[in-house]
1. Calculated FRET efficiency, Glu107 and Leu37, Cβ-Cβ r, R0 41 Å, to nearest 0.05?
2. Let me make sure I get this right: for the chain, a, b and c are the square roots of the gyration tensor eigenvalues over alpha carbons, sorted descending. Under 1.5 in a/c it's rounded, otherwise prolate if a/b > b/c, else oblate. Which is it?
3. Based on the Cβ-Cβ distance of Leu84 and Ile132, what FRET efficiency does E = 1/(1 + (r/R0)^6) give at R0 = 30 Å, to the nearest 0.05?
4. Which length gain, in nm to one decimal place, applies between Thr28 and Tyr57 when the Cα-Cα distance is subtracted from 0.36 nm times their residue separation?
5. With everything on Cα atoms, drop me the angle between helix 32-50 and the longest principal axis of the chain, reported from 0 to 90° to the nearest 10.
6. Enumerate the amide H contacts of Lys104 below 5 Å, restricted to partners 5 or more residues apart or on another chain; note that Pro and chain-start residues carry no placed amide H.
7. Tell me, what is the FRET efficiency for Ala2 and Gln121 to the nearest 0.05, using R0 = 22 angstrom and their Cβ-Cβ distance as r?
8. Just to be sure I understand: with springs between alpha-carbon atoms less than 10 Å apart, which residue in Asn93, Asn29, Asn111 has the highest mean-square fluctuation in the Gaussian network model of the chain?
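Quick note: the coordinates plus some simple rules give every number you see, no bench work behind them. Here the structure is a predicted model, which means the values were calculated and not measured. Positions of Cβ are generated from backbone atoms using ideal geometry, with glycine treated the same way; all protein chains shown enter the neighbour counts.
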Amino acid sequence: MAVPLVWMLLEKLAGLHDTHIDKHPVFTNFIAIPAILVYVLALLDKRKRDYNGIMSYKQGFISGLIITAIVTVLSPLTQVITSLLITPDYFRNVIEYSVSHGLKSREEAENYFSLGSYIIQGLIGAPVMGIITTAIVAVFTRTKS
């Protein structure tokens, strides 16, 4: 939960939620780097601590799925903290930007850029990205017998 909250704080401080909101769609995707790093470090730690340095793909995949489940369950809370405490003006700013640049109608923007919509997106996106990340990271953290 700490990684996405710190990332959102950094985005806010960098002006990606207001002054440089036009650059937000590109830079927000870089959260994948620390997110993948968390999976790698967690699976390496799991291999070392629980499997005596020897871990199969299946063991790594199951461990990654557990991480994914935890991230998914915490994603609504993370979104609430982000939206209400870290960057309470983000939705208003991105709605205005989207409408003023002809990217969405006001109604579309208000429906898409809302706390409820982002919670749903997180509940869908977290498991999808977590499973993909787990499937790939488990290949690199397994050991060969």
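1. About 0.60, to the nearest 0.05.
2. prolate
3. After rounding, the FRET efficiency stands at 0.55.
4. Net length gain for the segment: 7.4 nm.
5. Roughly 20 degrees, rounded to the nearest 10.
6. Close amide H contacts, sequence-distant or interchain: Val99.
7. Result of the calculation: an efficiency of 0.60.
8. It is Asn29.
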